[in-house]
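Q: The structure follows.
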Amino acid sequence: MATTDRENTGQTIGADEIALYDRQIRLWGVKAQEKLRSANVLLITVKALANEIAKNLVLAGIGSLTILDPGVVSEEDLGAQFFVSEEHIGQKRASAAGPQIHSMNPRVQLHIDVEDVRTKPQEFFARFDVIIATELDFETYTTINKACRTASRPFYAAGLHGFYGYVFADLISHDFVIEREKSNVAPSLQETSTRTILNITTKKENEKVIEMVTKRERYSPLQVANTSLLPEEFTRIPRKRKQVTPLLTCLRALWEFQSRSDGRLPTSSRPDLELFTALANERHLELRLDPSTLDAEFLRLFLQNLGSELSPVAAFVGGSLAQDVINVLSAREQPLQNILLFDGEKSVAPIYPLHPRTENAALPVMPAVSQSRPVGTTATTRMAELKEKIREGRKGV
């Protein structure tokens, strides 16, 4: 079923749309907006995280959004999901949320699919420009990821667990352009083990020489990234090794637990707790992390948060993912490479590039400061406010 006011013909953006999207066009330009308005996005599982993603993408003016979710609205959904209310209990989540999503921007074509994504053939995913899968088990993520790679389509996997959240990106191979002031130092064409410079052109702007640098990022699928070690700069020095969040360990342990348990989350039963703890210790050792950073308190907090949703966490993680999708569709700015982990307890969101180590492993990598989104000076205040909101929300959980 689809709800839409008009068909997106893919024609050049008109004056009325330029006026509507004026503020964002000032940020990324008309050409980028034209790319957005022709984009066809698939969003899987319409819960709190997907609510934030859908809101940001629809307001940005993408061409078409398909929301896919066979689930039914329950009382639990009313706590953090703003597209459904009590009157929708018992209805399909996608059908209930659809009209509210569409009302935010009627120019966007909205399609509603209430089938199980596990029943979709591989060719289904080729219809879309970007596929975003949320709140699924590891096996389902990897199945969708494989289909996206076959169709050469960018893939995102994301989820929330109370105070914690994650975003994984597999863009396969992505070219993008950044603008920067020309430096007197000649750039290295191989910037990192995954990123290369393809081309550099220049232009004059206010007496300054501006470089337009075309770069290419290469990605690994989720199944490969999930077994890859951290780059050496995160583990070589003891101080930096201690800074790696144990959330990475727990997420890997959770995915392994789900693979062994038909996709379900651990319960409070003794066998489940013992299995999860054993898996977490194994993964921590595999990652070569400091044993002291995976303590009983963190394991307890992580397990207590499983399956729950907090609006402030959904807002941050969903906003980060949506912005990355916008950057990818418009081929502007550095994309996520390749997993972001959000810890609302500590208000940090480090980004780790997880890839198999090769002979090129010694190549330079991104500076540590660019590997974490919340530590920038412009984000410090926002993160402090977010943390306070999270703690307020926790009282009601």
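The values are calculated or read from the model by the stated rules, or taken from the named source; none is laboratory data. Computed from a predicted structure; not experimentally measured. With ideal geometry, Cβ positions are generated from the backbone for all residues, glycine too; neighbour counts draw on all protein chains shown. Ligands, DNA and RNA are excluded from the accessible area calculation, which covers all protein heavy atoms including side chains. Shrake-Rupley method; radii C 1.70, N 1.55, O 1.52, S 1.80 Å.
Q: Just wondering, is there one or more residues in the range 271-286 that are in contact (Cβ under 8 Å) with a residue 12 or more places away in the chain, outside any helix (DSSP H, G or I) and touching a helix residue (DSSP H, G or I) at 6+ places or on another chain (Cβ under 9 Å)?
A: no
Q: Another one. Six or more apart or on different chains, Cβ under 6 Å: which pairs go from a residue in the range 252-266 that's hydroxyl-bearing (Ser, Thr, Tyr) to one that's at pLDDT 95 or above and buried (at least 20 other Cβ atoms within 10 Å of the Cβ)? Could you list them?
A: Ser259/Phe138
Q: Determine whether the range 38-55 contains at least one residue that is open to solvent by 60 Å² or more (accessible area, probe 1.4 Å) and either within 24 Å of Val313 (Cα to Cα) or in the same structural domain as Leu160 (by the TED database) (or both).
A: Yes, some residue in the range 38-55 is open to solvent by 60 Å² or more (accessible area, probe 1.4 Å) and either within 24 Å of Val313 (Cα to Cα) or in the same structural domain as Leu160 (by the TED database) (or both).
Q: Right, next: So, of the residues in the range 315-347 that are among the acidic types (Asp, Glu) and within 17 Å of Asn305 (Cβ to Cβ), which turns out to be modelled with the lowest pLDDT?
A: Taking the candidates together, the pick is Glu345.
Q: Checking Pro271 against (1) open to solvent by less than 70 Å² (accessible area, probe 1.4 Å); (2) more than 23 Å from Glu191 (Cα to Cα); (3) not acidic (Asp, Glu), which test does it fail?
A: Every listed condition holds for Pro271 apart from (1).
Q: In the range 135-173, which residues are over 16 Å from Arg252 (Cα atoms), open to solvent by 20 Å² or more (accessible area, probe 1.4 Å) and either in contact (Cβ under 8 Å) with a residue 40 or more places away in the chain or in the same structural domain as Asn199 (by the TED database) (or both)?
A: Lys146, Arg149, Pro154, Ile172, Ser173
Q: Arg236 is checked against (1) over 17 Å from Gln304 (Cβ atoms); (2) free of Cβ contacts under 8 Å to residues at least 40 places away in the same chain; (3) within 26 Å of the chain's Cα centre (by Cα) and fails just one. What number does that condition carry?
A: Status for Arg236: all satisfied but (3).
Q: Of all residues being of a type in the set (S, T, N, Q) and not in a strand (DSSP E or B) in the range 208-223, which is most open to solvent (accessible area, probe 1.4 Å)? Just the residue, please.
A: Among residues in the range 208-223 that are of a type in the set (S, T, N, Q) and not in a strand (DSSP E or B), the one most open to solvent (accessible area, probe 1.4 Å) is Gln223.
Q: Now a separate question. Count, please, the residues in the range 284-293 that happen to be under 19 Å from Phe342 (Cβ atoms) and open to solvent by 20 Å² or more (accessible area, probe 1.4 Å).
A: 1
Q: So which residues in the range 287-298 are part of a helix (DSSP H, G or I) and either among the aliphatic types (A, V, I, L, M) or within 27 Å of the chain's Cα centre (by Cα) (or both), if there are any at all?
A: Thr293, Ala296, Glu297, Phe298
Q: So which residues in the range 73-94 are among the aliphatic types (A, V, I, L, M), part of a helix (DSSP H, G or I) and crowded, with 23+ Cβ neighbours inside 10 Å?
A: Residue satisfying the conditions is Ala94 alone.
Q: Mind telling me which of the residues Leu49, Leu59, Leu65, Leu36 ends up being modelled with pLDDT of 95 or more and assigned to a helix (DSSP H, G or I)?
A: Step by step, each of Leu49, Leu59, Leu65, Leu36 is checked, and only Leu49 is modelled with pLDDT of 95 or more and assigned to a helix (DSSP H, G or I).
Q: When you check His111 against the structure, is it touching a residue at least 40 places away in the same chain (Cβ under 8 Å) and either among the acidic types (Asp, Glu) or assigned to a helix (DSSP H, G or I) (or both), yes or no?
A: No; evaluated as a whole, the condition is false for this residue.
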